[in-house]
Amino acid sequence: MTPPEQRRDLAESLERLAESMGSMFELSHLALEGALRALAGENGGSAEAVLTLDRELYGLKAQVVMGCVELLALQAPVARDLRVVTGDLEIASDLDRVGRYSKDIVEAVHALPAGEPNAFSALPALREMGTLTERMLTTVSEAYLHGDAEAVRHIEEADNSVDALHEQIFHELVARISDKRLAAGTGASLILVNRYLERLADHAVNIGGHVEYMVTGVRPR
Amino acid sequence: MSDAPEPPPTPTPTDPAAGAPPSATLREAPVPHPVLLAVRHLFVRAPKRVLLDDISLELNDREVTAIIGPSGCGKTTFIRTLNRMVEVSPGLRVEGSVRYKGQEIYGAGIDPVQVRRRIGMVFQRPIVFPMSIYENVAFGLRLEGTDEDEVEATVERSLKRAGLWREVGDSLEAPALQLSGGQQQRLCIARALATGPRVLLMDEPTASLDPVGTQKIEDLLFELKHEYSVVIVTHNMQQAARVADRTAFFYGGKLVEVDETARLFETPRERLTEQYITGRFG
Amino acid sequence: MAAATPSNPASDLLGPADGRLRYRLWVDRVVRWGLPLTFLLVLVPLFDLLYWVSAKALPTFTWATISTNPVGFGGGLWAPITGTFLLITIATAISGGLGILAGMYTAEFAPPPVARLARLAGNLLAGVPAIVVGYFGYFLLVLYTHWGFTTLAGAITLSVFMLPYVYRVCDLSFSSVPRDQREAALAAGATPRQYLLRVAFPIAFPSVLTGVFLAMAIGLGETAPLVLTAGWSNSPSTGLLSTTSYLTGVVYQNYQFPDTLGHLVTLAFQAAFLLVVIVLVLNILVQVIAGRYRRRLQGLFS
């Protein structure tokens, strides 16, 4: 877009909004990474970091919402500006959820009995799911930052794989619990982690849809 | 240009803007004339430049169409071609076709006076005549020598439609110039309605009004579009967004884009439109 | 603006007037007192004239002054009064009718080059000296027509003299009808003719009226065009094709006589007095009538 000579105030508000969104993407990324590290059994203080990141994301989300409301009320944005503002509103709450689920994963890992092998070694499919989810989040955040609708075109397919893995892991866990190969408590925690990762991927898909709308004006389905 | 004075209200209000073209084979057009004014390849030339450059645009019945664009883009010239007011300005040449209900308004044997009775106009500043309120509204009827009973009934009906009756109904003999700006503008609307037009052209009708006067005119537009086709030129994009069913963006004498208003302001197709409505130029 | 030092926050507002400002205030004072003084200076000759004419005319002014005809070295002003009214009525009818129509045409219909030409002609005509207009009337209406000196020739000549005043005021009046009135009338379905009659004319009317009355006042005071065309008679006009009598003629002819010859000079002053009174009444009348119409236009020229 041409450097806006006019409507400086609108341009500056949008810039501030973009900065907050950039931070949210970055922090949510770190949160998910921390959660995955916890699942891999590497501790080293990353659990506390994820809790902090979640709180920060929540604060940032509130800031973005306020910024958007102010922009809508004062600047009456239209066209791409309007789509950016409404898109940011939705994406911010998706990213807030990313922080929340990462925190939930860390807490679930915390509840696992000590001395057990880490979750990823116990369930290699879970590692695959984590990697996929993380890549999805990377994809949509890059698509957002570069305004590239093309980049999110295959996000659905990645999500289908995640869903399939979720299904498979769920049945596997149920089977192990019934065979008493897995303690019920541990099993329940892992079922939750499985579920959280699946939700995380869904949020990445949502974000992808919003990015597509922001850039092209077309709402996916 | 003779037609039934009021087409019956359509039993099932079908929104022509809703996208799907009416399936003519299935139903006999539910709205008598979905397209009231059809403009085709319209050019307006001044001695040294082209004011309107190949405009083709259809204006639907019972819809508000907003014309937006920067100053000098041809908005005003455009609506002045729709009732042949453009011919009042010397030195302008009009080419192309403007059809009202299928009839060429620039056709041979069509007098501009006939056209202007069917296609009324309201200007940027309220222009009332230095006469009584009553005589202002009756102006167009007096020109035809309508009999007094009918004049009286029409004046009352027009003032009611323009939302002014409650304010001036008991002081019809008062000088129109004593009304407030907003009232004067609604009086002008009443005057335009009195000759029984189907189309109302408004050239920045709220440009000289305060927010209250503006609001009343905008409210009025919502009422009027049940019976008329309204074309409004406006500098205020928020106003276009609020009142118009469809919005057309003009730039440099050309029609850049026309679309449903919500669509145009959410997802304009043309980059130029986007830059203009987001305030990146103009 | 806000450069006041914090120690003295009021300094930028209440400092002593510097030289430049003092000069401006001084000029302002000169203008404020000088203009009314100039105005009073202009009034001096007017009041001198009124006093002089009244002082000479009023002491012997009786009903007979108005009601009897001039006879020999005396008599009254009945014939000149009726003659003046007849002349001015015909001349106003002619110049008013033509002037208004021509003014309308120039302001509303004439293509710009034609309008420019017409305005130039009007200004030229207004600049022609009265005596020249008189000669024109004399050659065309007295000699060429073989009418001799007649009321009609006098009235027509007078109307030629008055015409440019009516014309110029009418052109201006119709030109200054707000342009958007025309737009609104045409947009409401009026033809140009209907616009002119129903909208423009009522708006221009007060100014047109003022212009016509102004022309009448100027016509009333003219002598030269009449002396050369209407001739002179001591009795009231017997028809359009006879000679006539008029107030300015009394002034013009009687003032040349010595004081010793009856009261001819007094009669001249009395005729002058009557002219002044008529012009005054005309002025008041036009103010009242035009004012009434103008009130309806309040807010139109804002």
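Details
- Look at (1) within 14 Å of chain B (Cβ to nearest Cβ); (2) in a loop (DSSP other than H, G, I, E, B); (3) open to solvent by 60 Å² or more (accessible area, probe 1.4 Å) and you find that C:GLY189 fails only one, number (3).
- Near pairs, Cβ below 7 angstrom, 6+ apart or cross-chain, from the range C:278-302 (more than 13 Å from chain B (Cβ to nearest Cβ)) to any residue that is open to solvent by less than 60 Å² (accessible area, probe 1.4 Å) and among the hydroxyl-bearing types (Ser, Thr, Tyr): C:VAL286/C:THR210; C:ALA290/C:THR210
- Looking only at the range B:136-149, and only at residues there that are in contact (Cβ under 8 Å) with a residue 24 or more places away in the chain and more than 9 Å from chain C (Cβ to nearest Cβ), the one that is farthest from B:CYS188 (Cα to Cα): B:LEU141
- Inter-residue pairs, beta-carbon under 7 Å, first within 21 Å of C:SER235 (Cα to Cα) and in the range C:147-175, second of a type in the set (Asp, Glu) and not in a helix (DSSP H, G or I), 6+ apart: C:LEU158/C:GLU222
- The range B:57-76 - residue that is among the hydroxyl-bearing types (Ser, Thr, Tyr) and modelled with pLDDT under 95 and, of those, most open to solvent (accessible area, probe 1.4 Å): B:SER71
- Top-ranked residue of the range B:251-269 - restricted to ones that are in a helix (DSSP H, G or I) and either touching a Phe, Trp or Tyr at 6+ places or on another chain (Cβ under 9 Å) or among the acidic types (Asp, Glu) (or both), ranked as least open to solvent (accessible area, probe 1.4 Å): B:LEU264
- Listed conditions (1) within 14 Å of another protein chain (Cβ to nearest Cβ); (2) touching a helix residue (DSSP H, G or I) at 6+ places or on another chain (Cβ under 6 Å); (3) over 15 Å from A:MET24 (Cβ atoms) are all met by A:ALA49, apart from (1).
- Being in contact (Cβ under 8 Å) with a residue 12 or more places away in the chain, within 14 Å of chain C (Cβ to nearest Cβ), of a type outside the set (Gly, Ala, Ser) and under 17 Å from B:VAL137 (Cβ atoms) holds for only one residue in B:VAL199, B:VAL155, and it is B:VAL155.
- Of residues in the range C:192-207 being open to solvent by 20 Å² or more (accessible area, probe 1.4 Å) and touching a helix residue (DSSP H, G or I) at 6+ places or on another chain (Cβ under 6 Å), the one farthest from the other protein chains (Cβ to nearest Cβ): C:SER207
- The set of residues in the range C:66-93 being within 24 Å of C:ALA217 (Cβ to Cβ) and either open to solvent by 60 Å² or more (accessible area, probe 1.4 Å) or touching a strand residue (DSSP E or B) at 6+ places or on another chain (Cβ under 9 Å) (or both) consists of C:GLY76, C:LEU77, C:TRP78, C:ALA79, C:PRO80, C:PHE85, C:LEU86, C:THR89, C:ALA93.
- Screening B:ALA244, B:ALA248 for residues that are surrounded by 20 or more Cβ atoms within 10 Å (Cβ to Cβ), away from every other protein chain (no Cβ under 14 Å) and in contact with a helix residue (DSSP H, G or I) (Cβ under 9 Å, 6 or more places away or on another chain) leaves exactly one candidate, B:ALA248.
- Test for A:ASP81: is it open to solvent by less than 10 Å² (accessible area, probe 1.4 Å) and charged (D, E, K, R): yes
- Taking (1) of a type in the set (Lys, Arg); (2) more than 9 Å from chain C (Cβ to nearest Cβ); (3) open to solvent by less than 20 Å² (accessible area, probe 1.4 Å) in turn, B:ARG99 satisfies each apart from (3).
- Failed condition for B:TYR276, given (1) touching a helix residue (DSSP H, G or I) at 6+ places or on another chain (Cβ under 7 Å); (2) within 14 Å of chain A (Cβ to nearest Cβ): (1)
For (1) farther than 18 Å from A:GLU134 by Cα; (2) basic (Lys, Arg); (3) modelled with pLDDT of 95 or more, each residue gets a yes or a no:
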{"position": "A:ALA73", "(1), (2), (3)": "yes, no, no"}
{"position": "A:ALA76", "(1), (2), (3)": "yes, no, no"}
{"position": "A:ALA79", "(1), (2), (3)": "yes, no, no"}
{"position": "A:VAL98", "(1), (2), (3)": "no, no, yes"}
{"position": "A:VAL106", "(1), (2), (3)": "no, no, no"}
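- Some residue of the range B:214-226 being within 14 Å of chain A (Cβ to nearest Cβ) and acidic (Asp, Glu): no
The values are calculated or read from the model by the stated rules, or taken from the named source; none is laboratory data. Since the model is a prediction, treat every value here as computed from it, not as a measurement. Using ideal geometry, Cβ is built from the backbone for each residue, glycine included, and neighbour counts are taken over all protein chains shown. SASA here: full protein model, heavy atoms, side chains in, ligands and nucleic acids out. Shrake-Rupley method; radii C 1.70, N 1.55, O 1.52, S 1.80 Å.
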